[in-house]
Amino acid sequence: MIPLWTREALEAATGGSLQGNPKPITGASIDTRTLQPGDLFFAIRGDARDGHDFVRDALARGAGAAVVATDRAEEFAGAGGLLAVSGGTDDPVLDAMRALGTASRRRTKAGIVAVTGSVGKTGTKEALRHVLSAQGETHASIASYNNHWGVPLTLARMPATSRYGVFEIGMNHPREIVPLTAMVRPDIALITTVEPVHIEHFASLSAIADAKGEIFSGLSAGGTAIINRDNSSYARLLAHAQASKAGRVVTFGEHPEADVRALRIVMRPDLSVVDAVVMGIPVTYQLGTPGRHTAMNSLGVMAVVHALGADLARAALSLAALKPPVGRGERTALKLTDGEAFLVDESYNANPASVRAALATLSGIETGSRGRRIAVLGDMLELGAAAEEHHRALASAVEDARVDLVFTAGPMMRHLFEALPMSRRGVSAGISTDLVDPLLGALRPGDAIMVKGSNSIRMGRIVEALKARYAGAVDRAESAQAAIRQ
Ligand SMILES: Nc1ncnc2c1ncn2[C@@H]1O[C@H](COP(=O)(O)OP(=O)(O)O)[C@@H](O)[C@H]1O
Ligand SMILES: [Mg+2]
């Protein structure tokens, strides 16, 4: 097996020295719970714990070596391979991971894509992984590994043989994207959309657009900036692209001037058909993920495929088999005693844009003859002073989506509940698990149930309970994955 990193490359990149008894390095990890034998374990400092507390465990689980701070190395003498690093900051191990990420970027010959946006980063990144994997070795971020450790970790893990690299980049504050995009140096940078998400840290939507626009600052010279032509922040994003080293700006959307343009989107309950023109080339494709928002994201995917010089027709064929990532639209048939109901798991996070998108998708689902559309909604967090209003304002989206019954969890969603006519009110509870029994009692054959809320409201518990009761045992692997998604 070709090692991911040789001793020479590791030492050159990090300035550290490899001691003890290292094994060939075949991967990289910061978490012993998911560590694979041969991984290089970085003992970085987390919010609650210091990775140095897990070094012995990592080595016992087969880590190829552990990257530790020089002044801690002595503690682990004899435990296995150690790469001791020192530096001026308070986390030299994180610095070493960044340095290895930078070295990885320097050595790669892959076409490098970076994806950011208020919503749709992970879905778009996974769609790109799916499409590009069919055309060449593709390396992409795991889950939502998009922050100050997720991005360098993903870079450090990229095999030298990769042909394509896809990186999710996220932020909660201004200036967070700048150092990340400088490290990734994308050949192609895509902003899915700009929406009021994490607004408590921003003065305005324009401020959010400016923070997303930072991604273009890292573009390699002559690279491609891809932006959403339909978005209200289009002009602002365009200005950022034009101020960068981008050689080309490509737009996508339904707008008549979009370079990658949807002419027609036919939405069916379980898939969509998109009639598009991609840089002048007509392409029609089926999309295995439902919803208008995923169709819009798919235009961004096509723009990337074209910019990479990959095969558009093959990409179009691949998209039909695309499945939504965990908690973002997965469908499960619930087997009730006298028929089936449909569960749409949107339990991964929530903000006004994604809740509206999920309600719109629910509206497109055919219900059975006695069936109803049921929305089960938990609080949306990080909305700052306007939080109450953002929750209440969903009432019109509920109406537009022809939702028959709304269940809510959390004090904020209670404001929506109270804004609804009596006929649409199900049950309003303080915490998500208190909705399980009322929901189980309310379900009828033919119902379509969509569950959504911010991660910490734990709407996923409702999904698990419904699946456990009506769809067989919950897949453990999937629950484990749910635990690490962000
Ligand atoms: N373009 C879009 N507009 C509105 N909602 C979207 C869009 N793309 C994705 N979503 C929804 O936003 C939520 C988060 O999607 P995800 O791909 O995980 O985004 P991110 O990684 O940016 O958080 C999901 O509920 C998804 O269905
Ligand atoms: Mg994400």
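If the limit is 27 Å between Cα atoms, which of Lys335/Lys452; Lys121/Lys452; Lys109/Lys245; Lys323/Lys452; Lys23/Lys121; Lys109/Lys323 go over it?
On the way: Lys335/Lys452 21 Å; Lys121/Lys452 18 Å; Lys109/Lys245 20 Å; Lys323/Lys452 18 Å; Lys23/Lys121 35 Å; Lys109/Lys323 29 Å.
In this structure, Lys23/Lys121; Lys109/Lys323 lie more than 27 Å apart at Cα.
Along each principal axis, taking the top coordinate minus the bottom one, the Cα set of the range 108-319 gives 41, 38, 32 Å in descending order. Here the Karplus relation 6.51 cos²θ - 1.76 cosθ + 1.60, evaluated at θ = phi - 60°, turns the backbone of the range 78-92 into coupling constants of x, 7, x, x, 10, 10, 8, 10, 9, x, x, 8, 7, 9, x Hz, with x for every Gly and Pro. Shown is the FRET efficiency for Asp230 and Glu11, computed with R0 = 51 Å from the Cβ-Cβ distance and rounded to the nearest 0.05: 0.55. With 10 Å bins beginning at zero, the pair-distance distribution over Cα atoms of the range 89-142 amounts to 20, 38, 33, 8, 0 %.
Here r is the Cβ-Cβ distance between Met279 and Gln36 and R0 is 41 Å; the resulting FRET efficiency, rounded to 0.05, is 0.55. Each of Lys467, Lys452, Lys245, Lys121 has some number of other Cβ atoms within 10 Å of its Cβ, and from fewest to most they run Lys245, Lys467, Lys121, Lys452.
Using a Förster distance of 25 Å, how high is the FRET efficiency between Glu340 and Asp437, based on the Cβ-Cβ distance and rounded to 0.05? Efficiency, from the Cβ-Cβ distance: 0.75. Using DSSP to call loops (not H, G, I, E or B), can you name the trypsin sites (Lys or Arg not before Pro) in the range 348-399 whose Cβ has at most 14 other Cβ atoms within 10 angstrom? Sparse-neighbourhood loop trypsin sites (Lys or Arg not before Pro): Arg370. As a size descriptor, the averaged projected area of the C-alpha convex hull of the chain was calculated at 23.0 nm².
Phi angles across the range 324-331 convert, under the Karplus curve 6.51 cos²θ - 1.76 cosθ + 1.60 with θ = phi - 60°, into 3J(HN,Hα) values of x, x, 3, x, 10, x, 4, 10 Hz, Gly and Pro given as x. For the peptides 266-272, 299-305, 246-252, residues were scored by their other Cβ atoms within 10 Å and the scores averaged per peptide; the highest-first order is 299-305, 246-252, 266-272. Here the residues Trp149, Trp5, ranked from fewest to most Cβ neighbours within 10 Å of their Cβ, fall in the order Trp149, Trp5.
Using all pairs of distinct alpha-carbon atoms, the Kirkwood hydrodynamic radius of the range 7-92 works out to 12.5 angstrom. 3J(HN,Hα) along the range 40-50: 8, 8, 8, 7, 7, 8, x, 5, 9, 10, 9 Hz, from the Karplus curve 6.51 cos²θ - 1.76 cosθ + 1.60 with θ = phi - 60°, whole Hz, x for Gly and Pro. Measuring nothing but how far apart in sequence close Cα pairs (under 8 Å, 6+ apart) lie, relative to its length, the range 26-140 scores a relative contact order of 16 percent.
Packing around the peptides 438-447, 26-35, taken as the average count of other Cβ atoms within 10 Å per residue, puts them in this order, highest first: 26-35, 438-447. Inter-label distance, Ala333 to Ser456: 3.9 nm, where each label sits 7 Å from its Cα along the C-beta direction. Remark on Asp311: its backbone amide H falls under 5 Å from none of the residues 5 or more positions apart or on other chains, H modelled at 1.01 Å from N. When you count the other C-beta atoms within 10 angstrom of each residue and take the mean per peptide, 128-138, 104-114 line up highest first as 104-114, 128-138.
Adding -39500 (n - 2.57) for every DSSP H run of four residues or longer, then dividing by how many residues the chain holds, sets the calculated 222 nm ellipticity at -9500 deg cm²/dmol.
All of the numbers you see were taken from the coordinates with simple rules; none came from a lab. Owing to the predicted nature of the structure, the values given are computational and were not obtained by experimental measurement. Virtual Cβ from ideal backbone geometry, glycine too; neighbours counted across all protein chains shown.
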